[in-house]
Amino acid sequence: MKAIFIVSDTFRKDHLGAYGNTWIRTPNLDGLAAMSNVFDNYYIGSFPTLPNRRDMHLGLTDVPGRLPLNPWRGVDAGEITLAERLYDNRVHTMMVNDVANSCLQSRNMPGKVGFMNLHKGFEFFIGNRGQEADNVYSKSCVPLEFPVEPHLIRYPAEGWHRVLMNRSSWQVEEDFFAPKTFKIASEWLEHNYKRDNFLLWVETFDPHEPWDPPQWYIDMYDPGYTGRIFEAPTYGKYKEMGITARELKQLRARYAAECTMVDFAVGRLLTTLERLSMLDEVAIFFTTDHGTYMGYDGDNDLICKPYEVGADGMAMSGGGPMKKPSRKFAQFTGVTNIPLFIHMPGQKKGKRIGQIAQPWDIKPTVLDLFGLKCPPELIGGSLLPVIEGKKKATRSAAICGAPQSHFQAMTADWAYTVWPFDEIKPMLIDRKNDKSQSKNVASKNPGVCQKLHKEIVSFVKAQKHADEKFLKALGA
C-alpha cells in the first residue's frame, strides 16, 4: 500500500469548489475530490492546532489519567504514534512539515523554543522552517514595519519582526511555504516511487495567517488595493477593532489567495503522481485541523478563531496588553465543519458520504488501510467500512471542544455548547434555520439541550479512565 496524507492548516470547507464555493480557484483540490470519497459531516475533535494533531497521530486513547479531549501539548516518550505503528510493521514513513508549533517549535512566539515531537516515529523527516515567528533567521538589518497599528497584529513586536525576517529573502513562488513544502514532497516521490509500502505525510501551515502569498494570487481577488493590510489580525470582532468593510474585503481576498496558493502546491504533487504513473496505486487523504472566521454571515463578526473575546472585542492582541476575556463563544460552522477527502487506489469516481466522522478516526483508518489492527485502547474507528458501504452511521452527534474550556455536540441541525467549569448558560444554535448562528435558543428547546448534553456525557463516560472532574462538572 502507498498512501499520502495532506494536511492544510486552517482551511475553511466552504472555500473549496467541492463543497460549493463558486469564486475561489481550487481546481486541483476539486479535481481530487471528484475522484475521492468526500465527507460532508467531518467535524473537528480536540481544538485547536496541536490537540488536533494529537487526535490524528495518537487518537483518543482510553488510558488512566487522560483528559476526555486531547490537550495542547507535544508527544510524550511513552505515547505511540501512527508512524511508529506503521514503522514497526515495515511501512516506510516520511513527513514533510512546515508547521512551526507542531514539530519545529513549541510556541509561535519568540523565546519559547522547544520541540513538540509530533514527527515522532517517522523514519524520515524534513522540516521547512520559518513559519510565523519561528526562530530561524537573525537579520537585524530587516526593518520592523507595521502594515497596521501594532495592537491590531496578533504577534507582539518581536514576533512580528521575526515574521518579516523569515520571509525577507523570498523572491519566487517556491520560496513560499506551501509551494516549497510540496516541492520537497514531490521530489521525495521521485526518489521513492518504486517503494512498495509507504506513508508520505505532507503538512503545511497555509492558509493559516499570516496571509502573505505572492501578490499575483491576491490580485486574483482584489487587485489594486492600497489601504491597510490585515495579514495577521488580532483575534476578535472586526467591527469593534475598527476594520472597515473595504478592509474586510481585502482581508478575505488574502485568505482566499492563500487557499489558491495551497491548491496549486497540491496540484504540483498530483502532477508528479500522474507523471510517475502512481495515481492508480496510491491512497490520498486531504483535510485540515479546523476552519477560521472571516466575518461572514454565521461568523458573528469574528475574525480568525477566538472562543474567548474581551469586552473590547479582542481576544488575542499581540501589540498591546492582553484583554481579560469577558465573553465566551461557541465554535461555529466556519471552524467546526471541515473538509475530508479520501481517494482510494484506482478510484475514478467520487462519492459523497454523510456519516459523521472526526479526527480520531484517522489513525484507525490509516492502520486499516495498511492491513493492521486498531489497538483496543483507541476511541474511534476505521472509515474504510463506511467508504465501502459495509458500516452504517455509528454516531448521532460529533463531540468537540477544548477540555479545559468547553464541550460542543454537533448535528446537522443543532450546535450545543456547554462550559462545565464556568458559570455560563449553555448555548444552542439552530444550524438549519439560523444561518447567522447568532441566536441562543437553548431556553426554547430544553429537550434538544438535554439530548445533546447526554451525548457529551456519554462521550466522556465511554472513556472509563477519563478524569472524574469532567463528569462532575457536567452534572453526571
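The values are calculated or read from the model by the stated rules, or taken from the named source; none is laboratory data. Quick caveat, the model's predicted, so the values are computed rather than measured. No Cβ is skipped: glycine too gets one built from the backbone with ideal geometry, and neighbour counts run over all protein chains shown.
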- Please work out which residue is surrounded by the most Cβ atoms within 10 Å (Cβ to Cβ), limiting yourself to the range 195-234 and to residues that are under 24 Å from the mean Cα position of the chain (by Cα), over 24 Å from Phe5 (Cα atoms) and among the hydroxyl-bearing types (Ser, Thr, Tyr). Thr234
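I'd like to know if the range 401-416 contains one or more residues that are touching a strand residue (DSSP E or B) at 6+ places or on another chain (Cβ under 6 Å), surrounded by 21 or more Cβ atoms within 10 Å (Cβ to Cβ), without any contact (Cβ under 8 Å) to a residue 60 or more places away in the chain and of a type outside the set (Gly, Ala, Ser).
Let us first name the residues in the range 401-416 that are touching a strand residue (DSSP E or B) at 6+ places or on another chain (Cβ under 6 Å), namely 401, 406-410, 415-416.
Now narrow it down to the ones that are surrounded by 21 or more Cβ atoms within 10 Å (Cβ to Cβ): 401, 406-410, 415-416.
If we keep only those that are without any contact (Cβ under 8 Å) to a residue 60 or more places away in the chain too, we end up with 409, 416.
Now narrow it down to the ones that are of a type outside the set (Gly, Ala, Ser): 416.
Yes; the residues of the range 401-416 include at least one that is touching a strand residue (DSSP E or B) at 6+ places or on another chain (Cβ under 6 Å), surrounded by 21 or more Cβ atoms within 10 Å (Cβ to Cβ), without any contact (Cβ under 8 Å) to a residue 60 or more places away in the chain and of a type outside the set (Gly, Ala, Ser).
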- Query: Looking at the range 327-385, which of its residues are within 28 Å of Pro207 (Cα to Cα), among the charged types (D, E, K, R) and in a helix (DSSP H, G or I)?
  - Reply: Asp361, Lys363
- Only one of Ser458, Ser438, Ser443 is farther than 17 Å from Asp55 by Cα, hydroxyl-bearing (Ser, Thr, Tyr) and exposed (fewer than 13 other Cβ atoms within 10 Å of the Cβ); which? Ser443
- Query: Consider Tyr416 against the criteria (1) assigned to a strand (DSSP E or B); (2) more than 19 Å from Thr288 (Cα to Cα); (3) modelled with pLDDT under 95: it satisfies all of them except one. Which criterion is unmet?
  - Reply: (3)
- Query: Looking at Leu199, is it under 28 Å from Met56 (Cα atoms), touching a strand residue (DSSP E or B) at 6+ places or on another chain (Cβ under 9 Å) and at pLDDT below 90?
  - Reply: no
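Would you call Trp188 within 23 Å of the chain's Cα centre (by Cα), closer than 22 Å to Thr287 by Cα and either aromatic (Phe, Trp, Tyr) or modelled with pLDDT under 95 (or both)?
Working: within 23 Å of the chain's Cα centre (by Cα): no; closer than 22 Å to Thr287 by Cα: yes; either aromatic (Phe, Trp, Tyr) or modelled with pLDDT under 95 (or both): yes.
Criteria not met by Trp188.
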- Taking the stated definitions as given, is Leu32 modelled with pLDDT under 95 and of a type in the set (A, V, I, L, M)? no
- Message: Taking the conditions exactly as written (without any contact (Cβ under 8 Å) to a residue 40 or more places away in the chain and either assigned to a loop (DSSP other than H, G, I, E, B) or in contact with a Pro (Cβ under 9 Å, 6 or more places away or on another chain) (or both)), does Tyr255 satisfy them or not?
- Response: no
- Taking the condition under 24 Å from Asn70 (Cα atoms), in a strand (DSSP E or B), within 26 Å of the chain's Cα centre (by Cα) and modelled with pLDDT under 95, does Phe421 pass? no
- Message: Is it the case, given these coordinates, that Tyr137 is crowded, with 18+ Cβ neighbours inside 10 Å and assigned to a loop (DSSP other than H, G, I, E, B)?
- Response: no
- Query: When you go through Gln358, Gln331 one by one, which is the residue that is of a type in the set (S, T, N, Q), out of contact with any Leu (no Cβ under 6 Å at 6 or more places or on another chain) and at pLDDT below 90?
  - Reply: Gln331
- Those residues of the range 155-179 which are assigned to a loop (DSSP other than H, G, I, E, B), in contact with a helix residue (DSSP H, G or I) (Cβ under 9 Å, 6 or more places away or on another chain) and either not hydrophobic (A, V, I, L, M, F, W, C) or not assigned by TED's automatic domain parsing to the domain that holds Gly242 (or both), in sequence order: Tyr155, Pro156, Arg167, Ser169
- When the residues of the range 252-308 are filtered to those that are over 30 Å from Gly346 (Cβ atoms) and among the acidic types (Asp, Glu), which remaining residue is surrounded by the fewest Cβ atoms within 10 Å (Cβ to Cβ)? Asp297
